[in-house]
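First up is the structure itself, then whatever we jot down about it.
The values are calculated or read from the model by the stated rules, or taken from the named source; none is laboratory data. Small disclaimer: the values here were computed from a predicted structure and weren't measured. Every residue, glycine as well, gets a Cβ built from its backbone with ideal geometry; the counts of neighbours run over all protein chains shown.
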Amino acid sequence: MSRRQYRAILADLDGTVNRGRTLLPGARETYLELSSRGIGWIFLSNNATVLASDLAEGISRLGLAISERQVLNSALALIHGVRTERAGSKVLVVGETKLVNGLTAAGVRVIEDPQRADIVVAAMDRQFNYDKLKRAQAALLGGALFWATNTDAALPVEDGLLPGAGSIVAAIGTAAGRAPDRVFGKPSPDMAYLALALLGLPAESCLVVGDRMETDILFARNAGMDSALVLTGAASRGALKEFPYAPDHVLESIADLSSLFYSERR
Ligand SMILES: [Mg+2]
């Protein structure tokens, strides 16, 4: 099999690097080894309720010291989208405080009045209620754009699943009779484009590693990147054939990632 010579890794977090509050075996060693060989790392999360700095701190606390500049989430991708594609828009947000703060810090006008909204931003919101649903519906029926951070149906937690952003996006979409116009989290390639700008590399030089076929592996495909599926999270080897696309590599865990680098020397 011909292998591209990868110069950077775009790594999913939960299920790939860590599982909840535990770093997966070999994650730290692999990160250090490949980093020392000059391989760049960007960590990606669909979670829009936290800042990149929170994610970096969380992973660093588990023992893998990464910086805020190495982390992207769907909130950053959405904020970038507003700034570059719809600058000056007034945005009505169904989402949590950190997303609202991120938008305002980036100079985006966040408003409460649905009649004045140019864009409805829908995201994970643990204070979601009927009044928020009603205002989002009114804005969308009035012609506002419908942008979602991500559409993950459920949120894995230590002891099971919680409703994810996708559940809220679906409620709003049902009320307004429309699907989102844009979704910024995986599998949409927006975070990949931000990562490429940070790395200064073409898509062909990057490898996406993740545990989910329908987000991580499809994300790689949408971004024109190779992918490696790890079996430490959502996917099993047996379930691979249920998908109309396949990862370029299947690894037991992130501990095996080094085997895909410098393979031409073997
Ligand atoms: Mg994952």
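Being among the acidic types (D, E) and modelled with pLDDT under 95 is true for just one of D248, D159. Which residue is that? Steps first, answer last, please.
On the way: D248 fails: modelled with pLDDT under 95.
Within the list D248, D159, the selection yields D159.
For region 134-146, does any single residue satisfy the condition of being without any contact (Cβ under 8 Å) to a residue 40 or more places away in the chain and within 14 Å of the chain's Cα centre (by Cα)?
No - not one qualifying residue is present in region 134-146.
If a residue has to be in contact with a strand residue (DSSP E or B) (Cβ under 9 Å, 6 or more places away or on another chain) and within 16 Å of the ligand (Cβ to nearest atom) to count, how many in region 226-239 make the cut? Before you say what the answer is, go through the steps one by one.
Applying the first criterion (in contact with a strand residue (DSSP E or B) (Cβ under 9 Å, 6 or more places away or on another chain)) to region 226-239 yields 226-235, 237.
Within this subset, residues satisfying the condition of being within 16 Å of the ligand (Cβ to nearest atom) are 227-235.
Residues meeting the conditions: 9.
Considering only residues that are of a type in the set (D, E, K, R) and either more than 11 Å from the ligand (Cβ to nearest atom) or assigned to a helix (DSSP H, G or I) (or both), which ones fall in region 212-221?
First, the residues of region 212-221 that are of a type in the set (D, E, K, R): 212, 214, 216, 221.
Matches in region 212-221: E214, D216, R221.
Out of the residues in region 1-15 meeting the condition of being within 9 Å of the ligand (Cβ to nearest atom) and either assigned to a strand (DSSP E or B) or aliphatic (A, V, I, L, M) (or both), tell me which one is modelled with the lowest pLDDT.
So, considering only residues that are within 9 Å of the ligand (Cβ to nearest atom) and either assigned to a strand (DSSP E or B) or aliphatic (A, V, I, L, M) (or both), the one modelled with the lowest pLDDT is D14.
Can you name the residue in region 196-210 that is within 17 Å of S74 (Cβ to Cβ) and touching a Gly at 6+ places or on another chain (Cβ under 9 Å) and is also nearest to the ligand (Cβ to nearest atom) among such residues?
Of the residues in region 196-210, the ones within 17 Å of S74 (Cβ to Cβ) are 196-198, 208, 210.
From what's left, touching a Gly at 6+ places or on another chain (Cβ under 9 Å): 198, 210.
Values: L198: 20, G210: 6 Å.
Among residues in region 196-210 that are within 17 Å of S74 (Cβ to Cβ) and touching a Gly at 6+ places or on another chain (Cβ under 9 Å), the one nearest to the ligand (Cβ to nearest atom) is G210.
Return the residues of region 16-43 that are modelled with pLDDT of 95 or more and either hydrophobic (A, V, I, L, M, F, W, C) or touching a Pro at 6+ places or on another chain (Cβ under 9 Å) (or both); say none if nothing qualifies.
Hits for region 16-43 are V17, L23, L24, A27, L32, L34, I39, W41, I42, F43.
Quickly run through region 24-47 and pick out the residues that are more than 19 Å from the chain's Cα centre (by Cα) and either more than 29 Å from T149 (Cβ to Cβ) or surrounded by fewer than 22 Cβ atoms within 10 Å (Cβ to Cβ) (or both).
P25, G26, R28, E29, L32, E33, L34, S35, S36, R37, G38, I39
Only one residue in R86, R126, R116 is over 20 Å from the mean Cα position of the chain (by Cα) and within 28 Å of D216 (Cα to Cα), so which one is that? Please lay out each step first, then the result.
On the way: R126 fails: over 20 Å from the mean Cα position of the chain (by Cα); R116 fails: within 28 Å of D216 (Cα to Cα).
Selected residue: R86, the only one of R86, R126, R116 that is over 20 Å from the mean Cα position of the chain (by Cα) and within 28 Å of D216 (Cα to Cα).
Considering region 48-69 alone, what residues qualify as being outside any loop (DSSP other than H, G, I, E, B) and surrounded by 19 or more Cβ atoms within 10 Å (Cβ to Cβ)? Talk me through it step by step, then tell me what you get.
Narrowing region 48-69 to residues outside any loop (DSSP other than H, G, I, E, B): 52-61, 68-69.
Those that are outside any loop (DSSP other than H, G, I, E, B) and surrounded by 19 or more Cβ atoms within 10 Å (Cβ to Cβ): A52, L55, A56, I59.
For region 222-266, which residues satisfy the criterion of being within 16 Å of the chain's Cα centre (by Cα), in a helix (DSSP H, G or I) and surrounded by 18 or more Cβ atoms within 10 Å (Cβ to Cβ)?
Of everything in region 222-266, just one residue is within 16 Å of the chain's Cα centre (by Cα), in a helix (DSSP H, G or I) and surrounded by 18 or more Cβ atoms within 10 Å (Cβ to Cβ), namely A223.
So, R21, is that one assigned by TED's automatic domain parsing to the domain that holds L194, within 16 Å of the ligand (Cβ to nearest atom) and either farther than 22 Å from G233 by Cβ or among the basic types (K, R) (or both) or not?
Yes; evaluated as a whole, the condition is true for this residue.
Considering only region 82-105, state which residues are among the hydrophobic types (A, V, I, L, M, F, W, C), surrounded by 13 or more Cβ atoms within 10 Å (Cβ to Cβ) and either under 17 Å from D190 (Cβ atoms) or free of Cβ contacts under 8 Å to residues at least 24 places away in the same chain (or both).
Matches in region 82-105: V82, V91, L99, V100, L103.
Out of all the residues in region 189-200, which are small (G, A, S) and free of Cβ contacts under 8 Å to residues at least 40 places away in the same chain?
First pass over region 189-200, keeping only residues small (G, A, S): 192, 195, 197, 200.
Within region 189-200, A197, G200 meet the criteria.
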